2 protein chains.
Amino acid sequence: MSASWFRRRLLPGVQLPAQRPPRPRASPVPYRRPRFLRGSGSGPCTADASRRPDARPVRSPARGRALPWNAGYAEIINAEKSEFNEDQAACGKLCIRRCTFETEEDQEWLTLCSEEFLMGHYWALFDGHGGPAAAILAANTLHSCLRRQLEAVVEAMAATQPPMHLSGHCVCSSDPQFVEEKGIRAEDLVIGALESAFQECDEVIGRELEASGQMGGCTALVAVSLQGKLYVANAGDSRAILVRRDEVRPLSSEFTPGTERQRIQQLAFVYPELLAGEFTRLEFPRRLKGDDLGQKVLFRDHHMSGWSYKCVEKSDLKYPLIQGQGRQARLLGTLAVSRGLGDHQLTVLDTNIQLKPFLLSVPQVIVLDVDQLELQEEDVVVMATDGLWDVLSNEQVARLVRSFLPGNREDPHRFSELAQMLIHSTQGKDNGPAGEGQVSYDDISVFVIPLHSQGQGSLSH
Amino acid sequence: MSASWFRRRLLPGVQLPAQRPPRPRASPVPYRRPRFLRGSGSGPCTADASRRPDARPVRSPARGRALPWNAGYAEIINAEKSEFNEDQAACGKLCIRRCTFETEEDQEWLTLCSEEFLMGHYWALFDGHGGPAAAILAANTLHSCLRRQLEAVVEAMAATQPPMHLSGHCVCSSDPQFVEEKGIRAEDLVIGALESAFQECDEVIGRELEASGQMGGCTALVAVSLQGKLYVANAGDSRAILVRRDEVRPLSSEFTPGTERQRIQQLAFVYPELLAGEFTRLEFPRRLKGDDLGQKVLFRDHHMSGWSYKCVEKSDLKYPLIQGQGRQARLLGTLAVSRGLGDHQLTVLDTNIQLKPFLLSVPQVIVLDVDQLELQEEDVVVMATDGLWDVLSNEQVARLVRSFLPGNREDPHRFSELAQMLIHSTQGKDNGPAGEGQVSYDDISVFVIPLHSQGQGSLSH
């Protein structure tokens, strides 16, 4: 959440913007698939020709096209709500410029030393809602925001301990309260850069959609390799896991109205005007109705993990701020995720009630110290949008990975084949070795990132 | 945080109370040690006679006096700031009455069935600050609040799945949004009861201290055994751990300005008036000074886990909302804990700036399913105030437990002996088998609860 945006929109006495999307001043964001899918065939990639699950095409990059670290990718359009795939993906090399200036202040000019690059890699999945525009903008923009944010801290990242000031001046004084320094590590700067990049990208999407009169939002799941570490930043309900021979480790957690109940209720407690008298922030075991008035009923408020009883009052009969539970939970009856990018204009149907104040664009960042792992050839990170995890558990995905990779060591495209196989496993009982028969009707995008090849092909890490 | 209290004190346009403690209308809370220490000797229990560490007395219950589950207890006064011990302790049996009424509504009277009791046990430590009064009130009061809260839910706790209403009426309708029920378990009601009891106790302490013109606050760490489970509720920086032969498991986490940085900064972001222009909510690596103006400096705001750079402005030179780090961190330069009971009148020295809005009385509750453990005779829970954990790690305490218990199987007082030995280990290198030589100068109180004896001596569990 941007402080200035929050204050502008939320503080008392400030007018809420109009509920309708503004008139377009720019042309709409054009629909497209990821660049790295060019040449992979199968036409305009819309779902309208293939409604039967077994006929839907699964797409992967063309055989000659290698992604960073030889990662695999596959996607499928399942959504019946739109002819477009609302998922988007991006990946590439991050070249972070490092401008060092000579520090002699007496000179009248600064000497720009030779540019150096810190190299990293980047994989990202965006799961759109309310149209594909926000996900497309995020796929076009987030890596640039991240590069800019990393360039602002790259000099400090290279130091053993980040300096207090970028100038490198020593600022210690004799007063002990001034000299206390906190043990800030290089990775804390990368985490900060990812947090800032997500927020910057969110602001860009807000401006662009406003200008083009479009709407929509998206989740964002990003993996960045830098200096021997993999940073996984997540805002939404996509998921990344590490799969090794003897280990399955979550690298993200999901942010939904259910998992962020207390944060969301807390905001409604502090700013009750955000609910415009139409919703109740309290959670009940089920929707209450007139007959329940005066009865004792279980409830939870923002400060409670457990449940307690209260007497049902009239205001408790309002529609709940968070309705349903688990993957069915909806924020203000509208949205299934509580973090992501975009949605600046989203309101509850037929009302002025805005969703954005309850949404965070800040990701949670989990750091995997790849250099500390004793890597095996078949250690991979699997990143996928929620359509995959709706029907496959982490353990099921790990079993599929372990059953596929050892038999396909010679296949240079095996990681894309694996990504395709994971998607096929969500298409019903005849279509995959999981054989669980569960079917996903959502768009699905999958990256499979082999860790063993890290650094191969990159200039430094 | 009580919603009504919060609104009364914090919402815009509401007057803040006077900064001085009000005039007393009741007599002050009398100082005392826990009842179960009666008859244990060693005089008036003040520290003034024994300033040298090796001469300070460690107190335990008299030999004939058994605590619930034969738990051990010991305490020491270390504080040099007061002649009183600011720690307090309480333990006992919880008898939760269960009144069942016949449900035939046509009758003109209700039939009270025979009273049943649900039995539990209770151990609690309170670490006071700003005087012993709040801790004494908490030791006198919290168990009554908890009993009352548990009585409100005991009927539902006994059911396999808690009913939506205590009346047990079926309220399903044909509309599916009305019939969805959440899987609420009996333990969620106990957690809710603990959360409510802490808040109720906090309100009682606020009223009592206001009436007697006293001040102060305390942390609270409570263990409750009920229906085969141990519930550990913590608000503050005390700690409970489970020690078994092959396992050390934390049963609580600490709530300090450092661990709750983001929650505290968030509140200051939403209500900047709470800082009265005297503090900055931003975190910096060290205190900034005039020379830093205009420099780029690392900082963190409420939404950030990582660090980023900003340009130093004049407002950044203010005193930080959270100063220092780790156990040295102070909230508004004043308080080392961010959750607890009391402190309703506490202000920053020489200002009107209140601490209470930043403090939570709600505990975090961790549930240990004791019935699911394959209990060994030497499995214990160690609860202690922060003075112990300042100088001993979880692993060090576990080593001391494992080295002491096997050799003392025949001693009926071995758990109190162990509690005393743990305290002796904090008094310098000659005084304990840990031999680390670290000395604690804080008050320390310790319970050692043997899990193997659970249910022995209680009517049911």
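The distance from the alpha carbon centre of segment A:237-287 to that of segment A:341-368 is 12 Å, rounded to a whole number.
Report the trypsin sites (Lys or Arg not before Pro) located in segment B:229-292 that are in a DSSP loop and have at most 16 other Cβ atoms inside 10 Å of their Cβ, or state none. Show your work: numbers first, answer last.
Working: sites: B:Lys229, B:Arg239, B:Arg244, B:Arg245, B:Arg261, B:Arg263, B:Arg281, B:Arg286, B:Arg287, B:Lys289; in loops: B:Arg245, B:Arg281, B:Arg286, B:Arg287, B:Lys289.
Those that pass, being in a loop and sparsely packed, are B:Arg245, B:Lys289.
Between this copy and the others, label points of A:Ala158 are 7.3 nm apart in ascending order, each placed 7 angstrom from Cα in the Cβ direction.
Copy-to-copy label distances for A:Cys311, where each label lies 7 Å from Cα along Cα-to-Cβ, are 5.9 nm in order of increasing length.
Considering only the other residues whose Cβ falls under 12 Å of the Cβ of B:Ser361, what net charge follows from Lys and Arg at +1 and Asp and Glu at -1? Intermediate results must be reported in sequence, preceding the final value.
Values: positive: B:Arg339, B:Lys356; negative: B:Glu195, B:Glu200, B:Asp202, B:Glu203, B:Asp343.
Counting the neighbours of B:Ser361, the net charge comes to -3.
The packing ranking of peptides B:407-417, A:355-365, highest mean first, is A:355-365, B:407-417, where packing means the average number of other beta carbon atoms within 10 angstrom of each residue. Shown for segment A:368-418 is the translational diffusion coefficient from the Stokes-Einstein equation, using the Kirkwood radius over Cα pairs, a temperature of 4 °C and a viscosity of 1.567 mPa s: 104 µm²/s.
Counts of other chain beta carbons within 10 angstrom of each beta carbon in peptide A:187-196 average 5. Estimated at the nearest 10 Å², the accessible area of A:Tyr319 is 70 Å² with a 1.4 Å probe. For B:Val439, the label point sits 7 Å beyond Cα toward Cβ; its separations from the matching points on the remaining copies run 7.6 nm, from shortest to longest. Counting every C-alpha pair in segment A:230-370, the share spaced more than 20 angstrom apart comes to 53%.
Could you sort B:Asp291, A:Asp202 by accessible area so the largest value comes first, with the probe set to 1.4 Å?
Details: B:Asp291 115, A:Asp202 15 Å².
Final ranking, largest accessible area leading: B:Asp291, A:Asp202.
Separation of the alpha carbons by more than 20 angstrom is noted, of A:Lys93/B:Lys310; A:Lys296/B:Lys182; A:Lys314/B:Lys182; A:Lys229/B:Lys296; A:Lys182/B:Lys356; A:Lys314/A:Lys356, for A:Lys93/B:Lys310; A:Lys314/B:Lys182; A:Lys229/B:Lys296; A:Lys182/B:Lys356; A:Lys314/A:Lys356.
Peptide B:278-290 is shielded by partner chain Cβ atoms: per residue, an average of 3 of them sit within 10 Å of its Cβ.
The values are calculated or read from the model by the stated rules, or taken from the named source; none is laboratory data. These numbers come from a predicted model, not from an experiment. Glycine gets a Cβ as well: all are built from the backbone with ideal geometry, and neighbour counts include every protein chain shown. Just the protein is used for accessible areas: all its heavy atoms, side chains included, with ligands, DNA and RNA removed. Shrake-Rupley method; radii C 1.70, N 1.55, O 1.52, S 1.80 Å.
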